[in-house]
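Step one of this worksheet: look at the structure below.
The values are calculated or read from the model by the stated rules, or taken from the named source; none is laboratory data. Computed from a predicted model, the values in this text were never measured in an experiment. Here the Cβ is made from the backbone with ideal geometry for all residues, glycine too, and neighbour counts use every protein chain on show. When the accessible area is computed, the model is the full protein with side chains, heavy atoms only, and any ligands, DNA or RNA have been set aside. Shrake-Rupley method; radii C 1.70, N 1.55, O 1.52, S 1.80 Å.
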Amino acid sequence: MSAFLFVTPTWDGKAWATKMAKAAPHLEMRVWPDMGKLEDIHYVAAWLPPPNVVASLPNLKVIYSLGAGVDAILGDKTLPTNVPIVRVNDDDLTNRMSEYIVMHCLMHHRQQRRLDQQQSDKQWNQFNQHAASAMTVGVMGLGVLGQDAAKKLAMMGFRVVGWSRSKKSIPNVTSFAGKSEFDAFLGETDILVSLLPATPETDGLINRSLIRKLSRKGPFGAPVLINAGRGRQQVAEDIVAALDTGELHAATLDVFKPEPLPISSPLWSHPKVTITPHNAADSEPAAICQYVADEIARFERGEPLRNLVDTTRGY
Ligand code: NDP
Ligand code: OXD
């Protein structure tokens, strides 16, 4: 019998294995560190695997990332180089991310934090609201998640631009690509959304210099930042400083470096910052297990693997 191993030291691997057993009853479930006979393990699902665990499996056929992001897996520098890595591309996760991005764009655009404050102060103050079309949302990363979010933002009436490595053709979204078009993209952007993967190229990208290149033509006179990509992309001190000087109007942050965000971080109590605990696309584990089971079924029928990770690009 083929075995499926969960290597998820920071998650409840047993709970995941129970869901996976329902989705793929023909596979024997194992949970690290109780790996049993290593030769039987053909598939592994991992999140932050300790070094040399995945590498110790002699008959491994496919490695599954339990997230859309693969930095948690690629951090294991001992991974075998001859075993393909497949990541999550599932509607459940994608829809949840788009809900988050649309909700936070609307929250800033409709000034909901200001209204919350007015309610707490028992103040009836009908300040001016503007149309969504007065705002340009710039989505960094036009992959599976970025494209879906961009389309839904356009449906809400926002002007939408996007930036990726390669040019895209998405209805109602202006595409900018590569380093040469980055500044032009930033110059159009009133609300910057990051849905980029964590790679050496994107590390530290959201810094003071980037913030200064964002548009100031929008209704607030200063840009808004929403980061649901990865915490490694943002320089927290630069964000705080830019909020304090008014170079940034507000920020929503779902991802941090490190996570959990330390109690001592000034981001926690900053009045212009909205914090969520890396749950922008929190998915139903059963949905992710069903996705993995369906991909295994395709693979076992001899069909090509999909959503493969390119380890040289890092995503
Ligand atoms: P994809 O791999 O489908 O898309 C990545 C996008 O980023 C692509 O458009 C790619 O360009 C672009 N990109 C990568 N590197 C660069 C670069 N150096 N310059 C410009 N563009 C670049 O990933 P997903 O959309 O599925 O996921 C994106 C990220 O979202 C994940 O990697 C993860 O970090 C994060 N995430 C966060 C979650 C949360 O709960 N906060 C949940 C799930 C994911 P191109 O298309 O040209 O290759
Ligand atoms: C993911 C995540 O990458 O949840 O899927 O961050």
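Could you tell me which of the residues 48, 93 is within 16 Å of ligand 2 (Cβ to nearest atom) and open to solvent by 80 Å² or more (accessible area, probe 1.4 Å)?
Numbers: 93 fails: open to solvent by 80 Å² or more (accessible area, probe 1.4 Å).
Testing whether each residue is within 16 Å of ligand 2 (Cβ to nearest atom) and open to solvent by 80 Å² or more (accessible area, probe 1.4 Å) leaves just 48.
Looking at the stretch 7-15, is at least one residue over 28 Å from residue 200 (Cβ atoms), modelled with pLDDT of 95 or more and among the hydroxyl-bearing types (Ser, Thr, Tyr)? For the stretch 7-15, residues over 28 Å from residue 200 (Cβ atoms), modelled with pLDDT of 95 or more and among the hydroxyl-bearing types (Ser, Thr, Tyr): absent. Read through the list (1) among the hydroxyl-bearing types (Ser, Thr, Tyr); (2) open to solvent by 40 Å² or more (accessible area, probe 1.4 Å); (3) in a strand (DSSP E or B), then give the number of the only condition that residue 10 fails. Looking at each condition in turn, residue 10 falls short on (3).
In the stretch 283-296, the residues that are among the acidic types (Asp, Glu) reach residues that are open to solvent by 10 Å² or more (accessible area, probe 1.4 Å) and within 14 Å of ligand 2 (Cβ to nearest atom) with C-beta atoms within less than 8 angstrom, at least six apart or across chains, in these pairs: 284/92; 295/307. Each residue in the stretch 71-85 was checked for being touching a residue at least 12 places away in the same chain (Cβ under 8 Å) and either open to solvent by 40 Å² or more (accessible area, probe 1.4 Å) or within 16 Å of the chain's Cα centre (by Cα) (or both), and 9 pass. Restricting attention to the stretch 185-210 and to residues that are out of contact with any strand residue (DSSP E or B) (no Cβ under 6 Å at 6 or more places or on another chain) and away from ligand 1 (no atom under 13 Å from the Cβ), the residue that is nearest to residue 313 (Cα to Cα) turns out to be 207.
Can you spot a residue in the stretch 65-78 that is more than 16 Å from ligand 2 (Cβ to nearest atom) and farther than 30 Å from residue 154 by Cβ?
Initial filter on the stretch 65-78 (more than 16 Å from ligand 2 (Cβ to nearest atom)): 77-78.
Applying the additional criterion that residues be farther than 30 Å from residue 154 by Cβ yields 77-78.
Among the residues of the stretch 65-78, at least one is more than 16 Å from ligand 2 (Cβ to nearest atom) and farther than 30 Å from residue 154 by Cβ, which makes the answer yes.
Residues are listed down the side, and each one gets a yes or a no for (1) in contact (Cβ under 8 Å) with a residue 60 or more places away in the chain; (2) farther than 22 Å from residue 100 by Cβ:
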| residue | (1), (2) |
| --- | --- |
| 184 | no, yes |
| 188 | no, yes |
| 196 | no, no |
| 200 | yes, yes |
| 207 | no, yes |
| 212 | no, yes |
| 217 | no, yes |
| 222 | no, yes |
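The set of residues in the stretch 107-131 being in contact (Cβ under 8 Å) with a residue 24 or more places away in the chain and surrounded by 18 or more Cβ atoms within 10 Å (Cβ to Cβ) consists of 107, 108, 109.
Quick check: is even one residue across the stretch 99-114 more than 12 Å from ligand 1 (Cβ to nearest atom), closer than 25 Å to residue 185 by Cβ and charged (D, E, K, R)? Checked against the condition, which is being more than 12 Å from ligand 1 (Cβ to nearest atom), closer than 25 Å to residue 185 by Cβ and charged (D, E, K, R), the stretch 99-114 yields at least one hit.
Among the residues of the stretch 244-260, just one is over 16 Å from the mean Cα position of the chain (by Cα) and polar (S, T, N, Q), namely 245.
Can you find even one residue in the stretch 287-305 that is open to solvent by less than 60 Å² (accessible area, probe 1.4 Å), in a loop (DSSP other than H, G, I, E, B), closer than 23 Å to residue 189 by Cβ and in contact with a strand residue (DSSP E or B) (Cβ under 9 Å, 6 or more places away or on another chain)? No: the stretch 287-305 contains no residue that is open to solvent by less than 60 Å² (accessible area, probe 1.4 Å), in a loop (DSSP other than H, G, I, E, B), closer than 23 Å to residue 189 by Cβ and in contact with a strand residue (DSSP E or B) (Cβ under 9 Å, 6 or more places away or on another chain).
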